[in-house]
Amino acid sequence: SHVQALVETLNAFPPLLIIGGLTLFMTLESAFPYFKHSLGRPRQRWHNVGMIGVGGLVNAALGTFAVLPIAWSQANGFGLLYRLGAPSVLTIVLGVFLADLLGYAMHVSMHKVLSLCPIHRVHHADTELDASSGIRLHPFELLYLMGVTAIVLPLLGVSVVSYLIYTTIALPW
């Protein structure tokens, strides 16, 4: 069906953005270093890439469960933004901002909720920052992010297009 094809496309998109973004930014970091890394950094960078790979496997296995409710919400006109009327440029832009606000709220919650702090610590535990540090996540953090996204974005009526635009901007950033 049309929805299934869209969901499969959206599930394939984040890994492409991550691989493309990492390749671009790691190449730029090598060509124009902001600071000199320690001798052990290449090993740590590959450790980060491995962690990102595990996240990619989690996304491949479960990403559909985050995207399907958003597609369902859009197909059924369910959620806050659909109360504003038919999808328009304004609702698409508002949807991008709401997705980003949700991402920020989830990040803050991982700092404030004691049970989430240990899994989020992986994100902040890199000893030297580079392009791989920002998307270094514990698999349980990724599950938390997907679960909250699957519940909240449909309630807000964020469209698939808004979510795609947000993902396109946020992942490489």
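The values are calculated or read from the model by the stated rules, or taken from the named source; none is laboratory data. Treat the numbers as computed from the prediction; the structure is a model and nothing was measured. Glycine also receives a Cβ, built like all others from the backbone with ideal geometry; neighbour counts cover every protein chain displayed. Only protein heavy atoms, including side chains, enter the accessible area calculation; ligands, DNA and RNA are left aside. Shrake-Rupley method; radii C 1.70, N 1.55, O 1.52, S 1.80 Å.
Condition first: in a helix (DSSP H, G or I), open to solvent by less than 80 Å² (accessible area, probe 1.4 Å) and closer than 24 Å to S133 by Cβ. Can you find one or more residues in the stretch 64-87 that meet it? Yes, the stretch 64-87 contains a residue that is in a helix (DSSP H, G or I), open to solvent by less than 80 Å² (accessible area, probe 1.4 Å) and closer than 24 Å to S133 by Cβ.
Would the stretch 50-57 turn up any residue that is among the aliphatic types (A, V, I, L, M) and assigned to a loop (DSSP other than H, G, I, E, B)? The answer is no; no qualifying residue exists. Applying the selection to the stretch 56-76, what residues are polar (S, T, N, Q) and under 13 Å from Y163 (Cα atoms)? Across the stretch 56-76, the qualifying residues are S73, Q74.
Only helices (runs of 4 or more DSSP H) whose full extent lies in the stretch 101-173 are considered here, and the ones with at least 1 residues that are within 20 Å of V54 (Cα to Cα), without any contact (Cβ under 8 Å) to a residue 24 or more places away in the chain and open to solvent by less than 40 Å² (accessible area, probe 1.4 Å) are 117-124. Out of L24, L17, report the one residue that is in a helix (DSSP H, G or I), surrounded by 10 or more Cβ atoms within 10 Å (Cβ to Cβ) and at pLDDT 85 or above. Just one listed residue meets the conditions, L24. Per the conditions (1) over 30 Å from H37 (Cα atoms); (2) within 14 Å of the chain's Cα centre (by Cα); (3) at pLDDT 90 or above, the sole criterion not satisfied by Y104 is (1).
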